[in-house]
Amino acid sequence: MRDVVVVGGSIAALTAVETLRMEDFDGRITVLSDEDLPPYTRVPLSKGVLAGRETADDVVLAPLSAEVDLHLRTPATGLDTDNRVVLTPAGPVPYDGLVIATGARARRIGTPNQAERVLRSYDDGLRLRDHLGRASSVLIVGGGFLGMEIASTARALGRDVTVVDLAPPLDRLLGTTVGGHVRSVAEQAGVRFVLTHGGVRLLGAPFPTAVETADGRRLEADLIVSAVGDVPNVEWLAGSGLPVAGGVLVDERCRVSPHVVAAGDVAVFTTGDGGLTRIPSWTNAVEQARCAAKALLHGDDALAYRPSRYAWTEQFGLDVKMVGPADPQGEPAVLDGSLDAGSALLAWPDAGAPRTVVAVNHHTPPAKLKRLLRPAAVAAA
Ligand SMILES: Cc1cc2nc3c(=O)[nH]c(=O)nc-3n(C[C@H](O)[C@H](O)[C@H](O)COP(=O)(O)OP(=O)(O)OC[C@H]3O[C@@H](n4cnc5c(N)ncnc54)[C@H](O)[C@@H]3O)c2cc1C
């Protein structure tokens, strides 16, 4: 293999490139990114960037080596797998091996004439910061990690903040015990939560200034932000013949088809019970990209993908780290500390071994959290 093309300009793309070189691939690597900025981390966008503490200089990741051809502002618009070329407005780019790392974009719930605010890119972050600077009230639709982080930053900036969701925010991710704890800390900080059974409709165009809940309540704010999930960027693969089902379908080694692998928020894989899943998170993007790059070079000799399922969020002065599947059920065992005391290490046992471990303001490093998923940790606790 002499020519590898990586499509995407973020952490999965960057990690795939680094891994190819670490595996001694000395052919040509071309990276096609539709962004203006070189690869950067999105993690601070809802935190330091939104708060005005961080700029592009703080978020751009370590540069790609000089032996990599990085093409910014170059979207892939199509893929011809028969002739092995990626189509771009600047012309076709041939490949022997292809890494798909086009990630996802913010999901929108407004009508086509509504321009609700979202946060996905650095430019979104600058725009939202600007709007936040002029708003006194903010309504955030969606109380997942992203929505709650935006709420936290907006509240710290003194804005009046309401979060509206279909279910108690964060319960679906962190379980009811930790979810309830984070919500109560957020409420003490002044955030209002509104639950609606049946979604919301945005009111006002082009910039919505109110939402109507399914049960007829009208909630107004200077600024409406949608944080309702993401949509994988797969449109450019239409007609390519590659399997696409809510993302690019990859096998246990992140392979899509001969010569093509995919990684990160764009990739969907089959779970043990035969279902399809996507893990849109930083760690998953890194881990899948390493696996994908090795599979591209070594085929069946590469190790199969094993997600560590590590995720984290920072909000309302809480540093929450988590390993294991989201949505843990039932009451956790307390391994150390207590939520009431402000620092806790919690585990949800499953057949003796912890299935999910969550640390709240607890100084357990991620590597140790991952080790805690081993059965011996329960006996030691
Ligand atoms: C505000 C925010 C905060 C976050 N905080 C956390 C956190 O605290 N912890 C955590 O684990 N995760 C967090 N995440 C999620 C994490 O950032 C993503 O899971 C991660 O960025 C996924 O990386 P990726 O490379 O797969 O995709 P993306 O980051 O989506 O990158 C895809 C890249 O491909 C480019 N692209 C798309 N289509 C094309 C095309 N056709 N041609 C060329 N280029 C294309 C895009 O512009 C982009 O550069 C956060 C996300 C956001 C938005």
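For region 269-287, a residue qualifies if it is part of a loop (DSSP other than H, G, I, E, B) and either surrounded by 22 or more Cβ atoms within 10 Å (Cβ to Cβ) or within 13 Å of the ligand (Cβ to nearest atom) (or both), and the qualifying residues are 278, 279, 280, 281. Of all residues in region 298-318, those being hydroxyl-bearing (Ser, Thr, Tyr) and part of a loop (DSSP other than H, G, I, E, B) number 2. Residues that are within 10 Å of the ligand (Cβ to nearest atom) and over 23 Å from residue 257 (Cα atoms) are absent from region 11-29 altogether. If you take the residues in region 234-250 that are in a loop (DSSP other than H, G, I, E, B) and either within 11 Å of the ligand (Cβ to nearest atom) or of a type in the set (A, V, I, L, M) (or both), which one is surrounded by the most Cβ atoms within 10 Å (Cβ to Cβ)? This residue is 247. Sort out which residues of region 155-172 are surrounded by 24 or more Cβ atoms within 10 Å (Cβ to Cβ) and not in a strand (DSSP E or B), and write them in order of number. Passing the criteria: 169, 170.
Only one of these is in the same structural domain as residue 17 (by TED's automatic domain parsing), modelled with pLDDT of 95 or more, more than 9 Å from the ligand (Cβ to nearest atom) and not in a loop (DSSP other than H, G, I, E, B): 290, 253. Name it.
The match here is 290.
In a helix (DSSP H, G or I) and among the small types (Gly, Ala, Ser): is that true of residue 295 in this structure?
yes
Between 340, 273, 350, 301, the distinction of being acidic (Asp, Glu), at pLDDT 90 or above and more than 30 Å from residue 152 (Cα to Cα) belongs to 301 only.
Checking each residue in region 319-347 for being open to solvent by 10 Å² or more (accessible area, probe 1.4 Å), in contact with an Asp or Glu (Cβ under 9 Å, 6 or more places away or on another chain) and assigned to a strand (DSSP E or B) picks out 343, 345.
Is there a residue being outside the structural domain of residue 209 (by TED's automatic domain parsing), open to solvent by 20 Å² or more (accessible area, probe 1.4 Å) and in contact with a Pro (Cβ under 6 Å, 6 or more places away or on another chain) anywhere in region 115-130? Within region 115-130 (the criterion being outside the structural domain of residue 209 (by TED's automatic domain parsing), open to solvent by 20 Å² or more (accessible area, probe 1.4 Å) and in contact with a Pro (Cβ under 6 Å, 6 or more places away or on another chain)), the answer is yes, since at least one residue qualifies. Considering only residues in region 109-131 that are part of a loop (DSSP other than H, G, I, E, B) and away from the ligand (no atom under 14 Å from the Cβ), the one that is nearest to residue 297 (Cα to Cα) turns out to be 109. For region 136-148, the set of residues classified as within 16 Å of the ligand (Cβ to nearest atom) and either closer than 12 Å to residue 229 by Cα or open to solvent by 10 Å² or more (accessible area, probe 1.4 Å) (or both) consists of 141, 142, 143, 144, 145, 146, 147, listed by residue number.
If you check 105, 42, 84, which single one turns out to be open to solvent by 20 Å² or more (accessible area, probe 1.4 Å), over 30 Å from residue 210 (Cβ atoms) and either near the ligand (Cβ under 10 Å from one of its atoms) or over 21 Å from the mean Cα position of the chain (by Cα) (or both)?
Numbers: 105 fails: over 30 Å from residue 210 (Cβ atoms); 42 fails: over 30 Å from residue 210 (Cβ atoms).
None of the other options fit; the residue is 84.
Do you know which of the residues in region 256-268 that are closer than 17 Å to residue 300 by Cβ and assigned to a loop (DSSP other than H, G, I, E, B) is least open to solvent (accessible area, probe 1.4 Å)? Among those that are closer than 17 Å to residue 300 by Cβ and assigned to a loop (DSSP other than H, G, I, E, B), it is 259. Residues that are more than 27 Å from the chain's Cα centre (by Cα) and not small (Gly, Ala, Ser) number at least 2 in the following strands (runs of 3 or more DSSP E) confined to region 192-233: 218-220.
Within the option set 48, 91, being within 15 Å of the ligand (Cβ to nearest atom), surrounded by fewer than 18 Cβ atoms within 10 Å (Cβ to Cβ) and at positive phi holds for one residue only, 91. I'd like to verify a number: residues in region 219-233 that are of a type outside the set (A, V, I, L, M) and buried (at least 22 other Cβ atoms within 10 Å of the Cβ), how many? The qualifying residues number 3. All conditions but one from (1) under 19 Å from residue 103 (Cβ atoms); (2) more than 10 Å from the ligand (Cβ to nearest atom) apply to residue 328; the one that does not is (1).
The values are calculated or read from the model by the stated rules, or taken from the named source; none is laboratory data. On a predicted model such as this, the values are computed, not experimentally measured, just so you know. A quick note on method: Cβ atoms are made from the backbone with ideal geometry, for glycine too, and the neighbour counts reach across all protein chains shown. Surface accessibility is based on the protein's heavy atoms, side chains included, excluding ligands, DNA and RNA. Shrake-Rupley method; radii C 1.70, N 1.55, O 1.52, S 1.80 Å.
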